[in-house]
1. Just N197, N347, N239 to compare: in a GNM of the chain, with alpha carbon springs under 10 Å, which one fluctuates most?
2. If you count the DSSP beta bridges with both ends in the chain, what percent of them are antiparallel, to the nearest 5?
3. If we count every other residue with Cβ under 11 angstrom of I179's Cβ, Lys/Arg +1 and Asp/Glu -1, where does the sum land?
4. Mind checking region 245-343 for GluC sites (Glu not before Pro) that DSSP puts in a loop (not H, G, I, E or B) and that have at most 12 other Cβ atoms within 10 Å?
5. What Rg and what Dmax come out for the chain when only alpha-carbon atoms are used, in angstroms?
6. How long, wide and thick is region 103-193, going by the Cα atoms along their three principal axes, in whole angstroms, largest first?
7. Of the options I417, L196, F400, report the single residue whose Cα projects farthest towards the positive end of the charge dipole of the chain (beta-carbon charges: Lys, Arg +1; Asp, Glu -1).
8. Once you charge only the Cβ atoms, +1 for Lys and Arg and -1 for Asp and Glu, what is the size of the charge dipole of region 261-419 about its Cα centre, to the nearest 20 debye?
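Coordinate-derived values only; no laboratory data. These figures come from a predicted structure and were not determined experimentally. Glycine gets a Cβ as well: all are built from the backbone with ideal geometry, and neighbour counts include every protein chain shown.
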Amino acid sequence: MVDVILGLQWGDEGKGKIVDFFAPNYDIVARFQGGPNAGHTLYVGDKKVVLHQIPSGIFHQNTVNIIGGGVVLDPITLKKECDLVASFGIDVKKNLFISERTNLILPTHRALDKASELQKGESKIGSTLKGIGPAYMDKTGRNALRVGDLLDKSFISQYIKLRLKHQKLLDNFHFIEDISTWEDEFFEALEFLRTLNVISSEYYINNEIAKGKKVLAEGAQGTMLDIDFGTFPFVTSSNTISAGVCTGLGVSPKQINEVIGVTKAYCTRVGSGPFPTELNNSVGEELRRIGNEFGATTGRPRRCGWIDLVALKYTCMINGVTKIVMTKADVLDSFEELNVCTAYGINGKETAEVPFQISKVDIDPVWKSFKGWHTNTSELKNVVALPTAMTEYVAFINDFVGASVHYISNGPGREQIITV
Ligand code: GDP
Ligand code: IMO
Ligand code: MG
């Protein structure tokens with residue numbers, strides 16, 4: 001049986017904390033897509049850790065963590081992260097497994113990402129520049145190198161062939177940066193990768209499921225960044241949705257049990273692209289300040305706005321969400337008034353659907369207002385203690401999206417979560 005935790009907005013919903021919270025209930029935690037993502041934050045005791053490539057269950061000694069075949073892997077990031085995790089006494093050689101089908105991100109993929117964004121200029125995607133897009137292009141273009149290829153004698157010749165192809169593309173972009181330091185680090189990191197457990201993860205996971213073991217699939221990014229159903233072209237290059245679990249891990253749709261969707265109590269986005277409920281005013285600034293909405297790794301300020309229920313209903317539908325976790329509810333504690341978006345006004349007409357043309361049309365959000373709760377909720381432990389205004393806010397969201405909030409996260413700490 002496989003449960004899934006994924007983001008319902010534009011990423012950074014707090015998935016890392018939630019996966020870490022649920023991980024003790026599972027035998028396996030597996031990443032199924034994405035690359036060295038913007039960063040999943042969790043706390044080990046009072047120490048903050050930001051993970052990019054390793055699943056967020058790694059700090060639980062009895063949980064096996066798997067990087068699945070649907071992921072694109074940067075060996076350099078992985079090595080650094082393994083060192084970080086090892087400094088907490090975790091033995092990655094014991095409880096981290098990597099699928100042989102996982103595609104490798106090469107230094108030239110990072111260079112291509114940078115070159116492509118530079119060429120786009122004003123219309124850039126705001127990529128994390130980790131080489132994720134170009135690595136997935138080589139996967140679908142059937143050129144990629146995979147972790148299992150490391151055992152093959154022809155690895156170096158395949159690498160040189162691909163590098164030459166990339167060099168031609170870089171020349172077309174007039175990209176002239178020297179990437180030899182990245183390459184040195186890459187080859188050093190490959191030697192480290194060879195020492196880790198590389199497995200056929202589809203057999204491993206399915207055999208464990210057959211024995212009755214429980215798997216938690218951890219999504220990166222968010223549904224509105226999905227390559228097919230997100231705000232294209234301002235998206236990432238993988239399927240971030242629940243369907244991605246099947247292709248990314250090699251499990252059948254019949255094995256998917258709970259789909260736990262994570263949403264903030266408001267909304268953020270980092271990078272370019274449409275964001276209908278964005279607040280370019282002092283309220284947006286307050287959300288950023290109180291919510292500390294700055295990139296987990298880059299420190300990039302996140303764009304902030306009210307919760308978008310049109311998008312949330314859509315993302316619950318696409319994923320088949322069975323339970324919602326609402327994070328950062330405490331960030332709204334001091335607001336006088338809260339708004340939720342219940343429809344989009346486009347060219348004078350209202351719609352409750354996310355339009356295909358979302359990146360090209362002007363959207364006037366239709367708002368419904370709620371009174372704030374003016375209570376410090378971050379210390380609360382129990383649903384009965386929640387202020388009425390908060391339960392009314394949540395009840396409206398449940399009714400609107402047709403799925404229910406089962407957990408409210410009221411702070412970044414492991415223990416700050418209330419079962420509703
Ligand atoms: P992820 O990418 O979805 O894992 O999310 P990030 O780690 O990028 O961003 C979420 C941020 O919010 C991190 O700094 C978390 O420590 C923090 N966070 C998570 N849940 C809560 C919460 O309920 N309240 C508050 N105040 N912060 C939270
Ligand atoms: P986590 O897993 C928020 C955004 C980037 C950019 C677009 C494409 O921490 O929630 P890419 O690097 O794939 O070329 O970026 O997607 N983006 C994220 N935004 N959280 C993330 O990850 C993100 N990963 C990518 O800012 O707009
Ligand atoms: Mg993040």
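1. N347
2. Looking only at bridges with both residues in the chain, the antiparallel portion is about 40 percent.
3. Taking every Cβ under 11 Å from that of I179, the sum is -2.
4. Loop-located and lightly packed - E336.
5. Cα radius of gyration and Dmax of the chain are 21.3, 66 Å respectively.
6. Largest first, region 103-193 extends 43, 27, 22 Å along its Cα principal axes.
7. L196
8. Roughly 480 debye for region 261-419.
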